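Scroll down for the structure; my scribbles are underneath it.
No value in this document is a laboratory result; all are computed from the given coordinates. Note that the coordinates shown come from a computational prediction; the quantities given were computed from them, not determined experimentally. Counting neighbours? That spans all protein chains shown, and the Cβs are built from the backbone with ideal geometry, glycine included.
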Amino acid sequence: MKKDNALPGGPSVGITMGDAAGVGAEIIVKAAEHGCFDEGVRAVLIGDERQLKRGMRAVGTAISYTKVQNVSEALQHTGLVLVDTGTLDADRYPYGEMNIDLARDAGNCLKACVEGCKAGYLDAICFGPNQKAGLKAAGFHLNGAVDLLAGFYGSDAFRMEMNVLDHVWTARVTGHIPLRDVGPSLSITKILRAARMLNETMRRAGFENPRIAVAGLNPHNGENGTCGREEIDTIIPAVEAGKREGMNLFGPFSADTLFYRVFGGEFDGAVTMYHDQGQIAMKLHGFGAAVSAYGGLPKPATTCAHGTAYDIAGTGTVDSGSWEHAFILARKMVLRKCQES
């Protein structure tokens, strides 16, 4: 049975608490306390109730939710709905320590969200912070979270992680690879692919014609080829090709001034050449509100830009802002899609 968006609560976003040794459950509790799940969409939390209750004890507050047995049943309710998996007694495990059992359970909860999307019950996913090393040790295959999600979907289509902070979006041409491999990994095709994905996803999020700046690779943009030729041989041709396709591309710009212009409002987004080139700027400008969004998947998926925060897990002091912004973005994309259909 496909979900009817006319049911109480409207469209549904599947959420998880992430690794139970981290701050995920505390984030969900604080988000609920702040009214994050009160309107717009139905929040379907998939995980063990004992993990959620441990989060409530850590924060020192109780939240309201409806407990059900499966995702289909969740659609009959509004607000925060918990699909209790009953698969993890979180109290048996200490905070702040990686454990394969916890990683496996977190991965399986995320997989259940994908299954809910595939079945038509869920319209998007906003998941809690996971421990990548733990997921790999538990047998999941991934370089980043987008690979894990794509694997659950059974999709081999091009996918990409993007980062969002307030009105600014970034995408990167290369991801989790050594810095020495970045230059040889760049190509016109890869830069265009990243620009297209960013442009398409931003349009889905409400940008009519996003202004996208493209970063150079080398110091001072290569200094006319005297400090590297990637700009001349690869990046400039990619920008020109993107313009011919109709994308609103600019650059390349030297990375040391690019984000001053982006955050100043001159551009809506940026394509960077490698991971830290954009991540450092985004997290420095607003760590507590940064969001990771994933393009190339069948349905929207977002999460907070930070990790499991093992060092403060269980203290109730985590700032839930980044994850709340991630949920708001997922909600925005889902509601926009519903309005268009």
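Rounded, prolate or oblate for region 50-95? Axes are the square roots of the Cα gyration tensor eigenvalues, ordered a ≥ b ≥ c, and the cut-off for rounded is a/c under 1.5. Note, shape of region 50-95 comes out oblate. The Rg/Rh ratio of region 83-191, with Rg taken over Cα atoms and Rh as the Kirkwood radius over Cα pairs, comes to 1.01.
Note on the chain: helix-only mean residue ellipticity at 222 nm, from DSSP H runs of 4+ residues weighted -39500 (n - 2.57) and normalised by residue number, equals -11500 deg cm²/dmol. Approximating the spin labels as points 7 Å out from Cα along Cα→Cβ, the Q76-to-K136 distance works out to 4.4 nm. Compared with the alpha-carbon gap, the fully stretched path from R336 to R180 is longer by 52.1 nm at 0.36 nm per residue. The fraction of all Cα pairs in the chain landing in successive 20 Å bins from 0 to the largest distance is 32, 55, 13, 0, given as whole percents.
Each peptide in 176-185, 161-170 receives the mean, over its residues, of other Cβ atoms within 10 Å, and ordering these scores from highest gives 161-170, 176-185.
Write down Rg/Rh for region 106-254, rounded to two decimals, with Rg from the C-alpha atoms and Rh from the Kirkwood relation over Cα pairs. Rounded to two decimals, Rg over Rh is 1.02. Shown is the FRET efficiency for E266 and D233, computed with R0 = 25 Å from the Cβ-Cβ distance and rounded to the nearest 0.05: 0.45.
When the chain is treated as a Gaussian network with alpha carbon springs shorter than 10 Å, the biggest mean-square fluctuation among Y65, Y260, Y310 belongs to Y260. Each residue of region 195-207 was assigned a 3J(HN,Hα) from its phi angle through the Karplus expression (A = 6.51, B = -1.76, C = 1.60, θ = phi - 60°), giving 5, 4, 5, 5, 4, 5, 5, 5, 4, 5, 8, x, 7 Hz with x at Gly and Pro.
Shape analysis of region 199-292 yields a ratio of the Cα radius of gyration to the Kirkwood radius, Rg/Rh, of 0.97. Between the Cα long axis of helix 100-118 and the first principal axis of the chain there is an angle of about 80°, rounded to the nearest 10. Taking a quarter of the surface of the Cα convex hull of region 200-248 gives a mean projected area of 3.8 nm². With the Cα gyration tensor of region 244-334 giving a ≥ b ≥ c as the square roots of its eigenvalues, does the rule (a/c under 1.5 for rounded; else a/b larger than b/c for prolate; else oblate) give rounded, prolate or oblate? In terms of gyration-tensor shape, oblate. Inter-part distance, region 250-283 to region 111-169, computed on C-alpha centroids, equals 25 Å. Which FRET efficiency value, to the nearest 0.05, is calculated for L284 and D91 with the Förster distance at 41 angstrom and r the Cβ-Cβ distance? For R0 = 41 Å, the calculated efficiency reads 0.65. Each residue of region 134-145 is assigned a 3J(HN,Hα), and the resulting list reads x, 4, 5, 5, 7, x, 7, 9, 6, 9, x, 4 Hz, derived from the Karplus form 6.51 cos²θ - 1.76 cosθ + 1.60 (θ = phi - 60°), x at Gly and Pro. Note that region 289-296 has calculated 3J(HN,Hα) couplings of 10, 6, 10, 9, 10, 10, x, x Hz, one per residue in order, obtained from phi through the Karplus relation 6.51 cos²θ - 1.76 cosθ + 1.60 (θ = phi - 60°); glycine and proline are x.
If the segment from T189 to K67 were pulled out straight at 0.36 nm per residue, it would be longer than the present Cα-Cα gap by 39.2 nm.
Residues whose amide H lies under 5 Å from that of Y294, counting only those 5 or more places away or on a different chain, are M162, A301; hydrogens are built 1.01 Å from N in the peptide plane.
Taking every DSSP beta bridge that has both ends in the chain, the antiparallel portion is near 30%.
Amide H contacts of D19 (H built 1.01 Å from N, in plane; Pro and chain starts excluded): N130, Q131 sit under 5 Å, all sequence-distant by 5 or more or on other chains.
Beta bridges assigned by DSSP with both partners in region 161-282 are antiparallel in approximately 25 percent of cases. With springs only between Cα atoms under 10 Å, which of I27, I100, I46 fluctuates most in a Gaussian network model of the chain? Looking only at I27, I100, I46, the largest GNM fluctuation is found for I100. Considering only alpha-carbon pairs that sit under 8 angstrom and 6 or more positions apart, the relative contact order computed for the chain is 22 percent. Shape class for region 1-140, computed from the alpha carbon gyration tensor (a ≥ b ≥ c): oblate, with a/c not under 1.5 and a/b at or below b/c. Highest mean first, the peptides 268-274, 73-79 sorted by other C-beta atoms within 10 Å per residue fall in the order 268-274, 73-79. Taking amide H atoms as placed 1.01 Å from N in the peptide plane, the amide H of V271 lies under 5 Å from those of A171, A213, V214, A215, each 5 or more residues away in sequence or on another chain. By other beta-carbon atoms within 10 Å, ranking D84, D48, D233 with the fewest at the front produces D233, D84, D48.
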